[in-house]
Amino acid sequence: MSFWTSEVGELLGTPDAAFAKSFSNIIPDNTMALAKIHSFENKEYNANSYLQIDWVIIDGDFTGKHVFHKLKVFDAKPETRHRMLNMLMLLYKMFNIKPKSNEPPTDQELAQFNGKEAGIRVQETEPNDKGKQYNWVSEVHDARGFQCKTGKSTVVTHSRAGLESAFSRNPINNETSLDLDDVPF
């Protein structure tokens, strides 16, 4: 095999094929996506307990991305706890799973949810004091008939936004462009 052969595809030698694409780990605000529960378990951080779902997107523009969904069912604020308990109850009903007792669910009980699919709405957080943003799940819907839709970012996610790119700084000049007949391959 020649050095000039790529396993990925034909070498074009064009700016579009050569330049790195801009990317973000943040899924745009209000994205609607089909997702599967990868894991559902009890977690604790800074002495705060909560339940966490690791959703993996299975359809749409962000297939394969993970979004974490914290259910703060142990929260001291009654309004937060009430809403989170309602979300947990919604999940039990949606997937036709019955709680095993009046006690908080164990990791073994929550494992019944693994592999279940639903439509989720993904939101963006505001940047924190370090300028980092994260995604969170604000809604969960039955997967049947669910429509995927990519949202739009509402917050700038990094300091490079708005900078010129190589394309805008250096427009392609066909007179001085490399002639592929000059290349020995």
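The range 70-85 and the range 89-123 have their alpha-carbon centroids 16 Å apart. Mind running the shape call on the range 25-151? Use the C-alpha gyration tensor, a ≥ b ≥ c as the square roots of the eigenvalues: rounded below 1.5 for a/c, prolate if a/b tops b/c, oblate otherwise. Since a/c reaches 1.5 but b/c is at least a/b, the shape of the range 25-151 is classed as oblate.
Subtract the Cα-Cα distance of K130 and Y45 from 0.36 nm times their separation in residues, and report this length gain in nm to one decimal. Could you put the intermediate results ahead of the total?
On the way: separation 85, 0.36 × 85 = 30.60 nm, distance 1.88 nm.
Working it through step by step, the gained length comes to 28.7 nm.
Peptide packing for 118-131, 94-107 was compared via the average number of neighbouring C-beta atoms within 10 Å per residue; ordered from the highest value, the list is 118-131, 94-107.
Every read-out reported here was derived from the displayed coordinates using simple, explicitly stated rules and does not represent laboratory data. This one's a predicted model, so the numbers in the text were calculated from it and none came from an experiment. Please note: Cβ atoms are built from the backbone with ideal geometry, for glycine as well, and neighbour counts cover all protein chains shown.
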